[in-house]
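Visitor: Structure incoming, see below.
The values are calculated or read from the model by the stated rules, or taken from the named source; none is laboratory data. Predicted model, so just to flag it, every value in this text is computed and none were measured. Note that each Cβ is placed from the backbone with ideal geometry, even for glycine, and that neighbours are counted across all protein chains shown.
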Amino acid sequence: MPSEASQQRPAPALERLRPAILVIGGTTALLSVAAALAWWLSPGGGSGADPGVPVQALESHGFRLLLAIGVVLGAARLGGMVVQRLRLPMVMGEIAACVLLGPSLFGALAPDGMNWLFPDEVVSAVHGPAQLGLVLFMVAAGAELDLNLMRTGRRSLLTVVYAGLAVPMAAGLALAVPTAAAYAGQVGFPVYAVFLGLVLSVTALPVLARVLGDLGLSGTPIASFALGAAAGTDLVVWSLAAICLGMAGTGAASGTTVILLTALFVAVMVAVVRPALGRAATAVADSGGGRTGGPAAALPLVMVGGLLAAAATDAIGVHAAFGAFAFGAMLPRRSAACMEAADRLGRFSAAVLLPLFFLEVGLRTDLADALGDTSDRLWCLAFIATAVAAKMGGVTVAARAGRWPWGPSLALGLLLNCRGVTELILLRIGVDAGIISADLFAILVVMTLVTTVMTAPRAGLTAGTGALPSGLDRGEVTAPGEPATDEAAADRTPS
């Protein structure tokens, strides 16, 4: 039985986190108080007083932009650290904090204050860094897409990937029929139905790698298998998303042109860019001193290449995120310099720029409005239940068909049900393209949060309740020559 002293002493992890929580929480509180005071003193603010000249500076665009960015970054970091104590991915706390800064909470309690802190000119100024953060994050996410994980255990892996795509796609098509009239955007029913299927099929590879690390499953056969299945799923989902956006063009010819240009882009990336990146990585390693100087020399190559690829797909008519993801997938995995450069970009974007993207999501998500109607609440529950049943059920049954025990089969289904940032990016693309309505966007944001939160605590309970089939031991699941691919992925994951 623990002694009284040990019961009163905080856990070591809490002791390590407490100073950071106090600093970030205190800074966020001070920034929030400063924002409230500035709004109160501003012309037309809550005080209604006629301010003097010094207070007029509070209305300057630069002051409010810097204050808004400080509040967002502080709140996102604080939210991430809070949920980390619950063994949930930090990114979920960051997303939740930014959603609360929007009309769902801040706007409901103080609409004038929210409009003062986040006016249209500030939101427009934040859009550029938010898009940059999204592109850099997708480059890092593409770098996590290690296709070598799919070389071994191929038959079982392809079966799981197929089931994890086919069942959710069918469920999405089924949900599209009764919801199209209320929630479809300005596109035809086929595009809306296919997009819903993709939304239910997503697995967030970067968040999944972080969850596996947090659960202590990195390096296990089920972790390698889950990462391989997530990689295959991401590859198919983003390819189909590009086709879906092509179908959403203004006309049949426009959609066909977008699809053909996208296919040409992928062919150029595989046939031209990938070999060129291999040669460039070798040159960077030779000139940069390997692991010591290589990442700094490779950083401009990875960043500029990702931005150019994103610009190319944006010009084609497909979202810039697809081009950035494709470029990251082309990076040579055996180049430590390129992988480290992608890791640095991912960490920077996750810590500084991606919260601004989450803010844009939060400002467009009004949970009270979207879920204020009984019908909307029921459809939200229906989407959550269907997403979980389709993804988790399809993967679990497919694993059982491959002679997996029930424990690991259920754990694999739970892990691949993780959606996270990848889902938010896809949803943002859909609402921007007019495929889904703003109300459905809010409903699916809730679905994303719920399905990601339920992944971490449950998967850890079921992963060890049975051994995998003998043909799927660690040596065969992990790609040849890369025994710690999944551990590196968990360590490199941005957030």
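Visitor: Of V395, V388, which residue is out of contact with any His (no Cβ under 9 Å at 6 or more places or on another chain), surrounded by fewer than 24 Cβ atoms within 10 Å (Cβ to Cβ) and assigned to a helix (DSSP H, G or I)?
Guide: Residue meeting the stated conditions: V388.
Visitor: Here is a list: A280, A298, A285, A336. Which entry is more than 28 Å from A241 (Cα to Cα), surrounded by 15 or more Cβ atoms within 10 Å (Cβ to Cβ), modelled with pLDDT under 85 and not polar (S, T, N, Q)?
Guide: That would be A285, the only listed residue that is more than 28 Å from A241 (Cα to Cα), surrounded by 15 or more Cβ atoms within 10 Å (Cβ to Cβ), modelled with pLDDT under 85 and not polar (S, T, N, Q).
Visitor: For the stretch 26-101, please list each of the helices (runs of 4 or more DSSP H) lying entirely inside it that holds at least 3 residues being farther than 30 Å from R428 by Cα, of a type in the set (D, E, K, R) and at pLDDT 55 or above.
Guide: Filter on the stretch 26-101 gives an empty set.
Visitor: Free of Cβ contacts under 8 Å to residues at least 60 places away in the same chain and either assigned to a helix (DSSP H, G or I) or surrounded by fewer than 24 Cβ atoms within 10 Å (Cβ to Cβ) (or both): is that true of V199 in this structure?
Guide: So V199 fails the test.
Visitor: Here is a follow-up. Given the options V207, V187, V211, V194, name the one that is modelled with pLDDT of 90 or more and either over 20 Å from the mean Cα position of the chain (by Cα) or assigned to a helix (DSSP H, G or I) (or both).
Guide: Testing whether each residue is modelled with pLDDT of 90 or more and either over 20 Å from the mean Cα position of the chain (by Cα) or assigned to a helix (DSSP H, G or I) (or both) leaves just V194.
Visitor: Looking at (1) at pLDDT 90 or above; (2) surrounded by fewer than 21 Cβ atoms within 10 Å (Cβ to Cβ), find the lone condition where L136 falls short.
Guide: With respect to (1) at pLDDT 90 or above; (2) surrounded by fewer than 21 Cβ atoms within 10 Å (Cβ to Cβ), L136 is out only on (2).
Visitor: For G185, state whether it is touching a strand residue (DSSP E or B) at 6+ places or on another chain (Cβ under 6 Å) and either in contact (Cβ under 8 Å) with a residue 12 or more places away in the chain or crowded, with 19+ Cβ neighbours inside 10 Å (or both).
Guide: Yes: the conditions hold for G185.
Visitor: Give V318, V304 a once-over and let me know the one that is assigned to a helix (DSSP H, G or I) and β-branched (V, I, T).
Guide: Going through V318, V304 in turn, just one is assigned to a helix (DSSP H, G or I) and β-branched (V, I, T): V304.
Visitor: Would you pick out the residues in the stretch 398-441 that are within 26 Å of L158 (Cα to Cα) and not in a helix (DSSP H, G or I)?
Guide: G402, R403, W404, P405, N417, C418, R419
Visitor: Within the stretch 104-118, which residues are crowded, with 20+ Cβ neighbours inside 10 Å and outside any helix (DSSP H, G or I)?
Guide: S104, F118
Visitor: Among the residues of the stretch 119-140, count how many are in contact (Cβ under 8 Å) with a residue 40 or more places away in the chain and more than 28 Å from T452 (Cα to Cα).
Guide: Total satisfying the criteria: 4.
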